[in-house]
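Contents: one structure, followed by commentary.
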Amino acid sequence: MLAGFVGSLLGLGGGIIIVPALTLVYGVDMRFAIGASIITVIATSSGAAAAYVRDKITNIRVGMFLEMATTTGALTGAFLAGMFSNRVLEAIFAAMMVYSALMMLRRRKVELPEGVERTPLANKLKLHGEYYDQALKRLVHYNTTGVVPGLAVMFIAGIFSGLLGIGSGLFKVLGMDVFMKLPMKVSTATSNFMIGVTAAASAGVYFARGDVNPAIAAPVALGVLVGATLGTRVMTRMKNVTLRLTFVPILIYTAIEMAVKAYRG
């Protein structure tokens with residue numbers, strides 16, 4: 001439930017909590033923990049994405065457009081797997097997370113992006129949008145910029161996902177918030193929508209390998225679905241500033257975890 005709550009709140013899959021909890025606390029084999037994590041991503045997305053799409057917070061056009069880069073990157077990462085040292089990749093990933101956390105801290109007081117100019121590509125693809133913000137009690141109109149940098153970040157996210165077997169929800173939110181200047185709520189809601197598409201595409205592989213143990217995955221997915229439903233209700237009532245400050249500790253935790261893995265080799 002905690003994983004689903006955090007996952008739906010911040011646009012993550014919940015694997016950042018599920019995998020360590022199952023392996024370290026409950027002694028589950030890593031293979032089954034990762035298999036269950038993939039199912040939880042689908043559960044989180046199913047529970048959260050439906051609510052966010054209904055409330056028109058999710059920008060579906062942005063999500064489907066960026067998904068092309070993420071999927072291409074994941075395929076590239078899978079192809080390159082084994083050609084690079086995981087230790088080096090983990091160190092680079094940790095450094096990128098620290099940089100991202102600093103970037104978010106710099107924008108910690110920004111409730112809504114201001115002065116964002118519509119780029120020609122964003123205009124052509126109709127990536128701008130609006131949603132009703134329950135915390136601000138008003139309709140928020142927003143523009144989209146940095147489409148090409150956003151695509152580049154999504155491609156990198158996919159590569160890291162394919163190489164290291166990690167979720168790319170962190171990068172998805174960062175790409176939309178920092179580079180494309182979308183409101184934080186739109187970034188997390190759209191990320192929830194995107195991770196479900198990615199996980200659904202890869203879940204079949206885990207099933208075929210026998211990495212999904214129904215006795216583990218089913219109760220985990222049920223708890224995650226309940227948590228995700230609660231998370232969506234809380235997120236819509238939070239301010240973008242609060243959401244961003246909640247996101248930073250997750251970045252720092254991930255950076256430390258990857259740095260430790262890189263150090264231990």
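The values are calculated or read from the model by the stated rules, or taken from the named source; none is laboratory data. Everything numeric in this text was worked out from a predicted model, so none of it was measured. Note that each Cβ is placed from the backbone with ideal geometry, even for glycine, and that neighbours are counted across all protein chains shown.
So here's what we get for this one:
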quantity: So Ala200, is it surrounded by fewer than 15 Cβ atoms within 10 Å (Cβ to Cβ), out of contact with any Leu (no Cβ under 7 Å at 6 or more places or on another chain) and either part of a helix (DSSP H, G or I) or among the polar types (S, T, N, Q) (or both); calculated: yes
quantity: Residues that are under 25 Å from the mean Cα position of the chain (by Cα) and either at pLDDT 85 or above or not hydrophobic (A, V, I, L, M, F, W, C) (or both), drawn from the range 108-117; calculated: Arg108, Lys109, Glu111, Leu112, Pro113, Glu114, Val116
quantity: Pair list, Cβ under 6 Å, 6 or more apart: the range 44-57 residue more than 9 Å from Ala189 (Cα to Cα), other residue of a type in the set (Gly, Ala, Ser) and part of a loop (DSSP other than H, G, I, E, B); calculated: Thr44/Gly13; Thr44/Gly14
quantity: Leading residue by the ranking (farthest from Leu89 (Cα to Cα)) among those in the range 162-184 that are in a helix (DSSP H, G or I) and modelled with pLDDT of 90 or more; calculated: Met184
quantity: Filter pass, Ala50 being within 17 Å of the chain's Cα centre (by Cα), surrounded by fewer than 21 Cβ atoms within 10 Å (Cβ to Cβ) and part of a helix (DSSP H, G or I); calculated: yes
quantity: Residue count, the range 99-117 (criterion: buried (at least 16 other Cβ atoms within 10 Å of the Cβ) and under 30 Å from Tyr263 (Cα atoms)); calculated: 3
quantity: Filter pass, Val220 being closer than 16 Å to Gly35 by Cα, over 16 Å from the mean Cα position of the chain (by Cα), surrounded by 22 or more Cβ atoms within 10 Å (Cβ to Cβ) and among the hydrophobic types (A, V, I, L, M, F, W, C); calculated: yes
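The rows are residues; the columns are (1) in contact with a strand residue (DSSP E or B) (Cβ under 9 Å, 6 or more places away or on another chain); (2) over 14 Å from Phe179 (Cα atoms).
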site	(1), (2)
Leu75	no, yes
Tyr99	no, no
Asn123	no, yes
Leu139	yes, yes
Val147	no, no
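Here's the yes/no breakdown for (1) over 19 Å from the mean Cα position of the chain (by Cα); (2) at positive phi; (3) crowded, with 19+ Cβ neighbours inside 10 Å; (4) at pLDDT 85 or above:
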position: Pro20; (1), (2), (3), (4): no, no, no, no
position: Ile42; (1), (2), (3), (4): no, no, yes, no
position: Ser45; (1), (2), (3), (4): no, no, yes, no
position: Arg54; (1), (2), (3), (4): yes, no, no, yes
position: Thr58; (1), (2), (3), (4): no, no, yes, yes
